[in-house]
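As structure tokens, the structure follows; a few thoughts come after it.
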Amino acid sequence: MKCFKCCDELDLEELENPYKDDNDNIICDDCHFYDYEMICPLCEDAFDIRDFKTDKNVWIIVHKNDCDDGTVKPGLYSGKYDDFNYDEYITGFGYLPEDRDIRFVKEYSSSKIEYTRFICFDCGENIIRGEE
Ligand SMILES: [Zn+2]
Ligand SMILES: [Zn+2]
């Protein structure tokens, strides 16, 4: 069996539980990672960005360097997935985008966060509960 995207042959491990793209095509682990996963800067685990399309909150840590003009506080924010380009969500973040449902949750900073980043769902929940 070949990966639909890069056409590499899937190895035995990949074949056991193959990843699929949005159109149900089988893809290899590498392609899945590049297209669908992000590493959480806090726990360093990978998470599937397609979970953003569920009802779960998207968690964003806004870094203080992105708050220069004082209109946005650094800390934990949550939002809903709305087909945004998630890169833009981060790099365009000197202000709160008015067309997006995003809100300040609590003050938070970590030495592991060096710029505005998405974090995984578990770490977001942990920060809310004060366990981070
Ligand atoms: Zn591939
Ligand atoms: Zn995490």
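The values are calculated or read from the model by the stated rules, or taken from the named source; none is laboratory data. This one's a predicted model, so the numbers in the text were calculated from it and none came from an experiment. Quick reminder, even Gly has a Cβ in these numbers, built from the backbone with ideal geometry, and neighbours come from all protein chains shown.
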How many residues of region 52-78 are at pLDDT 70 or above, farther than 15 Å from residue 127 by Cβ and either out of contact with any Pro (no Cβ under 8 Å at 6 or more places or on another chain) or surrounded by fewer than 17 Cβ atoms within 10 Å (Cβ to Cβ) (or both)? The answer is 3
Note on residue 19: of the conditions (1) without any contact (Cβ under 8 Å) to a residue 60 or more places away in the chain; (2) within 25 Å of residue 110 (Cα to Cα), unmet is (2)
Residue under question is residue 6, and the condition is that it be buried (at least 16 other Cβ atoms within 10 Å of the Cβ), touching a residue at least 12 places away in the same chain (Cβ under 8 Å) and not hydroxyl-bearing (Ser, Thr, Tyr); does it hold?
no
Condition set among the aliphatic types (A, V, I, L, M) and in a helix (DSSP H, G or I), scope region 106-132, selection nearest to ligand 1 (Cβ to nearest atom): answer is 127
